[in-house]
Amino acid sequence: MVSPERPPSRSEVTDPIVDLVDSVKSYARQETIDPIRGAARWVLVGTLAAASLGIALVMFTLGVLRLSQDLGGQALDGSWSFVHYVIALVVVSCMVAASLGRINSKSLARK
């Protein structure tokens, strides 16, 4: 006896659709939201590091300036007082140049 074919039930039709929607959602999350979270974390750490280095550089500059003023004594007072600032500028410029020389662009594009 041949059994008549019954029409597919509603749950049998919607299962592939639900699976497809779930697959699309998980793919979109994997390809958009997760990389954005990773980039946001990278930017946050970079911002905190830059702020810390900036504060440290300002403190270091003030320290060099104060040391120059203490060691210069009376010889660099009056019209020669600008020399302390030039010394601090030269020392800090050397520090910045050394720091920029250590930046490697290949490490920024690393996966």
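Condition check: at pLDDT below 90 and at positive phi. Does Gly101 satisfy that?
Numbers: at pLDDT below 90: yes; at positive phi: no.
No: the conditions fail for Gly101.
Table: residues versus (1) aromatic (Phe, Trp, Tyr); (2) surrounded by fewer than 10 Cβ atoms within 10 Å (Cβ to Cβ); (3) at pLDDT 85 or above; (4) part of a helix (DSSP H, G or I).
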residue: Gly38; (1), (2), (3), (4): no, no, no, yes
residue: Thr47; (1), (2), (3), (4): no, no, yes, yes
residue: Leu67; (1), (2), (3), (4): no, no, yes, yes
residue: Ser79; (1), (2), (3), (4): no, yes, yes, yes
residue: His84; (1), (2), (3), (4): no, no, yes, yes
residue: Leu89; (1), (2), (3), (4): no, no, yes, yes
residue: Val92; (1), (2), (3), (4): no, no, yes, yes
residue: Met95; (1), (2), (3), (4): no, no, yes, yes
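Evaluate region 53-63: report whether one residue or more is in a helix (DSSP H, G or I), β-branched (Val, Ile, Thr) and surrounded by 11 or more Cβ atoms within 10 Å (Cβ to Cβ).
The first filter runs over region 53-63 and keeps only residues in a helix (DSSP H, G or I), leaving 53-63.
Subsequent filtering for residues that are β-branched (Val, Ile, Thr) retains 55, 58, 61.
With the extra rule that they be surrounded by 11 or more Cβ atoms within 10 Å (Cβ to Cβ), the set shrinks to 58, 61.
The answer is yes; a qualifying residue exists.
The values are calculated or read from the model by the stated rules, or taken from the named source; none is laboratory data. Here the structure is a predicted model, which is why all the values come from computation and not from measurement. With ideal geometry, Cβ positions are generated from the backbone for all residues, glycine too; neighbour counts draw on all protein chains shown.
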